[in-house]
Amino acid sequence: MPVTRSLSALGPIRKPQRFQPQECQPQRKSKATPVKEKINLSILDCPPYGNNVGTKYDGNVEHFESSIVTIPPVSKIRSPLLKAADRLSLGWKPEKFIARDKETEKLRAVLDSWIWQRQCGNVYMSGLPGCGKTRTVEALIAKMDKKHFVSVYLNCGNINSQDSFYSIFLHELQLACGIDRFSLHSSSDGKLARQKVIQLALKNAKPVMVVLDEVDFLVVKNPLVLHSIFELSKESKNRMAIVSIANALDLPQKLLPWLTVSSSMPHILPFEPYSSFELNAIVEQRLEDIPNTIDSAVDP
């Protein structure tokens, strides 16, 4: 008698599996390992900044952020070469300003006559960039007694129009005269702001010295604005002195007819390029406290 078995005794029925090539089989997602790269910090890879620079990235963000080295301030730089490069840059301002003695004396004579005798104090300083015009004015104002005048500094390189110039001028003049910040007057109209500037100069107890740097950028957009600025001295009864600094040499000559008629012709103060002796003195002053640099930088 044949032996019969029930289907349940054979267990669960499995589906037949199809054959799949290896390239068609689904790939499991593996955890990607980060690429280890060296941080390129060029000159900071070597001393004196330590041996922690150039550490490898191990995949941990906290380790990566802690391995970044910030550039130390100039006062903490130990490399004489980096110190010398910073001292010889245009942005370095030494405590003592040397050279330009002749130009400083002429400027002082004009400003002294303006302060004590109320003569016209308009000055037009011109010369090539980097020849010490702005530094000469800053050094002279720092030595003068601030009890007898107030000073306002404006950089005209960032001013777009005549209206914006007088609006900014009015704002800075009010701050220099000690007006409370909550009581400041503002005006987008250049003519109205100009009238308020003159009124404030007449009412203020001290005369106002106005230093206009990079004034030729403003004159390029409106040639007659320089004539309007120099007339402020006359309209304020010489209560204002305009010290303008520019790179162009011939701006007053172009405006000579208007300036002569209005008696607002400024004192012309040209700045010649530095002589070889002056350049040697400037380099020696900047590198005097850095060892082993003066002899190699300045020829005897």
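The values are calculated or read from the model by the stated rules, or taken from the named source; none is laboratory data. The shown structure was predicted, so the numbers you read here are calculated from the model rather than taken from an experiment. Neighbour counts are summed over all protein chains in view; Cβ atoms, including those assigned to glycine, are modelled from backbone coordinates with ideal geometry. Quick note on the areas: whole protein, heavy atoms, side chains included, nothing else; ligands and nucleic acids left out. Shrake-Rupley method; radii C 1.70, N 1.55, O 1.52, S 1.80 Å.
Could you please find all residues in the stretch 79-128 being assigned to a helix (DSSP H, G or I) and of a type in the set (Ser, Thr, Tyr)?
Across the stretch 79-128, the qualifying residues are THR104, SER113.
Quick check on my filter: what residues within the stretch 101-134 are hydroxyl-bearing (Ser, Thr, Tyr), open to solvent by 20 Å² or more (accessible area, probe 1.4 Å) and closer than 23 Å to ASN238 by Cβ?
Hits for the stretch 101-134 are THR104, SER113.
Quick one: is GLU172 touching a helix residue (DSSP H, G or I) at 6+ places or on another chain (Cβ under 9 Å) and either outside any helix (DSSP H, G or I) or modelled with pLDDT of 85 or more (or both)?
On the way: touching a helix residue (DSSP H, G or I) at 6+ places or on another chain (Cβ under 9 Å): no; either outside any helix (DSSP H, G or I) or modelled with pLDDT of 85 or more (or both): yes.
No, not satisfied.
Can you name every residue in the stretch 184-201 that is under 20 Å from SER244 (Cβ atoms) and open to solvent by less than 20 Å² (accessible area, probe 1.4 Å)?
Once the filter is applied, which keeps residues that are under 20 Å from SER244 (Cβ atoms) and open to solvent by less than 20 Å² (accessible area, probe 1.4 Å), the stretch 184-201 yields GLY190, ALA193, VAL197, ILE198, ALA201.
Just checking, which of GLY178, GLY157, GLY127 is under 21 Å from the mean Cα position of the chain (by Cα) and farther than 20 Å from VAL225 by Cβ? Step through it out loud before you land on a result.
Numbers: GLY178 fails: under 21 Å from the mean Cα position of the chain (by Cα); GLY157 fails: farther than 20 Å from VAL225 by Cβ.
Going through GLY178, GLY157, GLY127 in turn, the sole match is GLY127.
On the phi > 0 side of the Ramachandran plot and open to solvent by 40 Å² or more (accessible area, probe 1.4 Å) - does that describe any residue in the stretch 202-225?
Within the stretch 202-225, one or more residues are on the phi > 0 side of the Ramachandran plot and open to solvent by 40 Å² or more (accessible area, probe 1.4 Å).
So how many residues does the stretch 78-109 have that are modelled with pLDDT of 80 or more and of a type in the set (S, T, N, Q)?
1
Being open to solvent by less than 10 Å² (accessible area, probe 1.4 Å) and modelled with pLDDT of 70 or more is the filter here, so list the residues in the stretch 250-265 that pass it.
LEU259, SER264
Matching residues to (1) in contact with a Leu (Cβ under 7 Å, 6 or more places away or on another chain); (2) within 30 Å of PRO291 (Cα to Cα); (3) among the basic types (Lys, Arg):
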{"site": "LEU81", "(1), (2), (3)": "no, yes, no"}
{"site": "LYS93", "(1), (2), (3)": "no, yes, yes"}
{"site": "PHE97", "(1), (2), (3)": "no, yes, no"}
{"site": "ARG100", "(1), (2), (3)": "no, yes, yes"}
{"site": "ALA109", "(1), (2), (3)": "no, no, no"}
{"site": "TRP114", "(1), (2), (3)": "no, no, no"}
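Being modelled with pLDDT of 75 or more and open to solvent by 80 Å² or more (accessible area, probe 1.4 Å), is that true of even one residue in the stretch 45-53?
no
Quick one: what pairs do we get from the stretch 225-253, first residue among the acidic types (Asp, Glu), second surrounded by fewer than 24 Cβ atoms within 10 Å (Cβ to Cβ), C-beta under 6 Å, 6+ apart or different chains?
Once the first residue is among the acidic types (Asp, Glu) and sits in the stretch 225-253, its partners that are surrounded by fewer than 24 Cβ atoms within 10 Å (Cβ to Cβ) give GLU231/SER262; GLU231/SER264; GLU235/ILE198.
Any residue in the stretch 265-286 that's without any contact (Cβ under 8 Å) to a residue 60 or more places away in the chain: show its pairings with residues that are in a strand (DSSP E or B) at Cβ separation under 7 Å, as long as the two are six or more apart or on different chains.
Every condition considered, no pair remains.
Output the qualifying pairs, or none if there are none: Cβ atoms under 8 angstrom, residues six or more apart or on different chains, first residue in the stretch 126-147 and more than 16 Å from ALA246 (Cβ to Cβ), second residue of a type in the set (Val, Ile, Thr).
Here the result reads ALA139/THR104; LEU140/THR104; ILE141/VAL211, each pair linking the stretch 126-147 to a residue that is of a type in the set (Val, Ile, Thr).
Give me the pairs: first residue in the stretch 189-203 and touching a residue at least 24 places away in the same chain (Cβ under 8 Å), second residue open to solvent by less than 60 Å² (accessible area, probe 1.4 Å) and basic (Lys, Arg), beta-carbon distance under 9 Å, and six or more apart or on different chains, which are they?
Partner pairs satisfying both residue conditions: ILE198/ARG239; ALA201/ARG239; LEU202/ARG239.
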